Amino acid sequence: MLDRSELLDPEVLRHSVLDFRQMSTFVQHPLIFERAEGVHYWDINGKHYYDGISGIFVVAVGHRNRRVIEAMKAQMERLCFAPPLHGTNPPAVELSALLARLAPGDLNTVKLLSSGSEATETAMKLCRQYWKQAGKPTKYKFISRYYGYHGATMGALAATGTPRRRIPFEPYPAGYIHVPTVHCYRCPYGKEYPSCQVFCAEYLRQVIALEGPDTVAAVILEPIGNTGGILMPPPEYLPAIRRICDEFDVLLIFDEMITGMGRTGRMFAAETFGVTPDILCLGKGLSSGYAPLAATIWNERIERAFWGPEEAGIEFGHGHTYAGNPLSATAGLASIAEILERDLLSNARQMGARLKARLEGLRPYGIIGEIRGTGLLWGVELVQDPATKKAFAPEVCIGHRIGAEAQQRGLIIRHDPDWFALAPPLVVTAEELDAMCDILEESIRAVLSAL
């Protein structure tokens, strides 16, 4: 086992590759987490950090949760892997049944998976096979939004609309179309809400009509956009998208990697917004990070196209080695039990209201453009002039500066050049939340004084 000095050695670290990080920079000033509890991290130097972003929107029930850990220990003594081509296992069956009960509407067929990318890829493959078996084989296109993010694999990236994530890997497979995202603070159509009458939804109708409804398989979107800066849709938007999909017989996929499992104060954002998709994709908080786990859930209409005699050959032709893993499913069951039995949905709503109030208290610093979110998912757009919405010059990277300062002071947040986000674990207390916000405010003061 490597000792502390070896772990910090750049020549040892250079063999690792982190997500979206330049390793030549990271190895000079590495951050290596050693342990965690609740909403707290400690690195290998013993420094303490508050987890203001649940790892990366993952650790819903907190770190070192005894219920989850003990359940996984017990399962490890029984079964860690079952042959997926031959059968299933009790935790996988139980988790699938539980998700079918919890999911809204008739979303009751569950494919367990290992990652968010797998879940969205599964959803898109499901759509294409469904339309072939439903007698409409020309419906193959997917419409998604610019600044959406749906995963790191090629199909998921094809649906992704964030330029810096997708451009390095082009070209992508055919059949992926993007429309501008919903962003009322900086409307891509130059309109104002509510006089716009939610034109962003109407634009989707026009795109489907012009592409040809008989060629469009599905619309895939995040109920709340992440990579654009926690983009909240107006209340009319998602119901309008649902109606448009129904009008043109197009399936609707919700990517709820971030918004699912209580993050919005309800179990699913589909419930928060009162809109039920045809397919629901889950991950991240589904196991609270204790094991790789995701799920794709679809409705009875879709499932009927795959249910029949063996000789018909209409089963869903898709699988992954670790799909339905018993240890991962056990983590999911224990995590959901914590959310339900400890009423963490209520805590998310209460602490979310407290967090919003603290963020509103930052406005006197003169750089707060818009505060947006719900439950325990909040983003802040940073501007040079709130009155005119004038952005900072690109080289300022105000969001990154605040994020780096916060990290130095012991707070981990999500940050981009012009915005930052907080989404602490659902178990966070008022005292812990206030401590995080105190560090955030101190960080903003320090960055502004340096500017």
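Here the condition is being in the same structural domain as Trp131 (by TED's automatic domain parsing) and without any contact (Cβ under 8 Å) to a residue 40 or more places away in the chain; of Pro239, Pro194, Pro234, Pro223, it holds for Pro239 alone. All of (1) of a type in the set (Phe, Trp, Tyr); (2) without any contact (Cβ under 8 Å) to a residue 40 or more places away in the chain; (3) not assigned by TED's automatic domain parsing to the domain that holds Val427 hold for Trp42 with one exception: (3).
Restricting attention to region 372-384, the residues that are surrounded by fewer than 20 Cβ atoms within 10 Å (Cβ to Cβ) and closer than 26 Å to Gln350 by Cβ total 0. Scanning region 244-252 turns up at least one residue that is in contact with a Pro (Cβ under 6 Å, 6 or more places away or on another chain), modelled with pLDDT of 95 or more and in the same structural domain as Ala158 (by TED's automatic domain parsing).
Summed over region 65-79, the residues that are part of a helix (DSSP H, G or I) and either of a type in the set (S, T, N, Q) or surrounded by fewer than 16 Cβ atoms within 10 Å (Cβ to Cβ) (or both) give a count of 10. Evaluation of His29 against the conditions (1) modelled with pLDDT under 95; (2) in a helix (DSSP H, G or I) shows that the sole unmet condition is (2). Filtered by the rule that a residue be in a helix (DSSP H, G or I) and surrounded by 15 or more Cβ atoms within 10 Å (Cβ to Cβ), region 428-441 gives Glu432, Leu433, Ala435, Met436, Cys437, Ile439, Leu440, Glu441. Is it the case that some residue within region 80-88 is assigned to a loop (DSSP other than H, G, I, E, B), surrounded by fewer than 21 Cβ atoms within 10 Å (Cβ to Cβ), free of Cβ contacts under 8 Å to residues at least 60 places away in the same chain and of a type in the set (S, T, N, Q)? Checked against the condition, which is being assigned to a loop (DSSP other than H, G, I, E, B), surrounded by fewer than 21 Cβ atoms within 10 Å (Cβ to Cβ), free of Cβ contacts under 8 Å to residues at least 60 places away in the same chain and of a type in the set (S, T, N, Q), region 80-88 yields no hits at all. Residues in region 253-283 that are among the hydrophobic types (A, V, I, L, M, F, W, C) and in contact with a Lys or Arg (Cβ under 6 Å, 6 or more places away or on another chain): Met257, Val275.
The one condition from (1) aliphatic (A, V, I, L, M); (2) surrounded by 18 or more Cβ atoms within 10 Å (Cβ to Cβ); (3) part of a loop (DSSP other than H, G, I, E, B) that Ala387 does not meet is (2).
Can we say Leu18 is outside any strand (DSSP E or B), within 22 Å of the chain's Cα centre (by Cα) and loosely packed, with under 13 Cβ neighbours inside 10 Å? Yes; evaluated as a whole, the condition is true for this residue. A single member of Ala329, Ala337 is assigned to a helix (DSSP H, G or I), farther than 29 Å from Met124 by Cα and touching a residue at least 40 places away in the same chain (Cβ under 8 Å), and it is Ala337. The numbered conditions (1) more than 30 Å from Val383 (Cβ to Cβ); (2) at pLDDT 95 or above are all true for Pro188 except (1).
For Gly324, the criteria (1) crowded, with 23+ Cβ neighbours inside 10 Å; (2) part of a helix (DSSP H, G or I) hold in every case but one, which is (2). The number of residues in region 195-218 being of a type in the set (Gly, Ala, Ser) and in a strand (DSSP E or B) comes to 2. The combined condition, being among the hydroxyl-bearing types (Ser, Thr, Tyr), in contact (Cβ under 8 Å) with a residue 60 or more places away in the chain and not in a helix (DSSP H, G or I), is not fulfilled by Thr120. Taken over region 1-56, the criterion of being charged (D, E, K, R) and either in contact with a Leu (Cβ under 7 Å, 6 or more places away or on another chain) or farther than 25 Å from Gly283 by Cα (or both) is satisfied by Asp3, Arg4, Glu6, Asp9, Glu11, Arg14, Asp43, Lys47.
Entry remark, region 125-155: residues being crowded, with 24+ Cβ neighbours inside 10 Å and either of a type in the set (A, V, I, L, M) or not assigned by TED's automatic domain parsing to the domain that holds Thr321 (or both) number 1 in total. Candidates are the residues of region 390-427 that are over 20 Å from the mean Cα position of the chain (by Cα) and in a strand (DSSP E or B); the one that is nearest to Arg263 (Cα to Cα) is Leu411. Filter region 398-424 down to residues that are under 24 Å from Lys47 (Cβ atoms) and out of contact with any Leu (no Cβ under 7 Å at 6 or more places or on another chain), then give me how many there are. Total satisfying the criteria: 15. Scanning region 44-64 for residues that are small (Gly, Ala, Ser), crowded, with 22+ Cβ neighbours inside 10 Å and part of a helix (DSSP H, G or I) yields a count of 1.
Within region 94-116, identify whether any single residue is modelled with pLDDT of 95 or more, in contact with a Cys (Cβ under 8 Å, 6 or more places away or on another chain) and either surrounded by 15 or more Cβ atoms within 10 Å (Cβ to Cβ) or hydrophobic (A, V, I, L, M, F, W, C) (or both), and answer yes or no. Yes, because at least one residue in region 94-116 is modelled with pLDDT of 95 or more, in contact with a Cys (Cβ under 8 Å, 6 or more places away or on another chain) and either surrounded by 15 or more Cβ atoms within 10 Å (Cβ to Cβ) or hydrophobic (A, V, I, L, M, F, W, C) (or both).
The values are calculated or read from the model by the stated rules, or taken from the named source; none is laboratory data. Note that the coordinates shown come from a computational prediction; the quantities given were computed from them, not determined experimentally. Cβ atoms come from the backbone with ideal geometry, glycine included; neighbour counts cover every protein chain shown.
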